[in-house]
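Below you'll find the structure, written out as structure tokens, and then a few comments.
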């Protein structure tokens with residue numbers, strides 16, 4: 001199960017999401033470098049339409065991407081971020097460019113999924 005997007009993500013995660021990195025992040029290490037790599041590659045916005053600076057990836061092409069995330073034991077909520085950004089974009093809400101400062105061990109699920117910086121556009 002693969003496509004162009006999943007192959008590119010697989011290559012990125014081979015470099016940036018080694019087992020030692022996953023263990024370190026799960027134990028509280030800073031995840032900023034991994035988030036930055038994901039953001040710079042555009043994967044965090046791959047479901048957004050091109051008009052919103054996304055890749056316009058159709059849902060039918062997402063399964064292989066999610067498979068790759070699981071195979072690499074992605075320690076960050078990238079899958080959730082993909083869908084959250086689509087929903088926020090659909091309702092014209094701004095969102096922080098990077099959750100790199102988030103620490104899963106010190107934040108509730110609500111705090112991770114609805115960052116305090118998300119505000120209605122024009123507010």
**Asked** All but one of (1) at pLDDT below 90; (2) in a loop (DSSP other than H, G, I, E, B) hold for residue 74; which doesn't?
**Response** (1)
**Request:** Test residue 47 against the stated conditions and say whether it is surrounded by 14 or more Cβ atoms within 10 Å (Cβ to Cβ) and part of a helix (DSSP H, G or I).
**Result:** no
**Message:** Go through the range 56-71 and report how many residues are part of a loop (DSSP other than H, G, I, E, B) and either in contact with a helix residue (DSSP H, G or I) (Cβ under 8 Å, 6 or more places away or on another chain) or touching a residue at least 24 places away in the same chain (Cβ under 8 Å) (or both).
**Reply:** 2
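The values are calculated or read from the model by the stated rules, or taken from the named source; none is laboratory data. In this text, all values refer to a predicted model and were calculated from it rather than measured experimentally. Note that we place each Cβ from the backbone using ideal geometry, even for glycine, and neighbour counts take in every protein chain shown.
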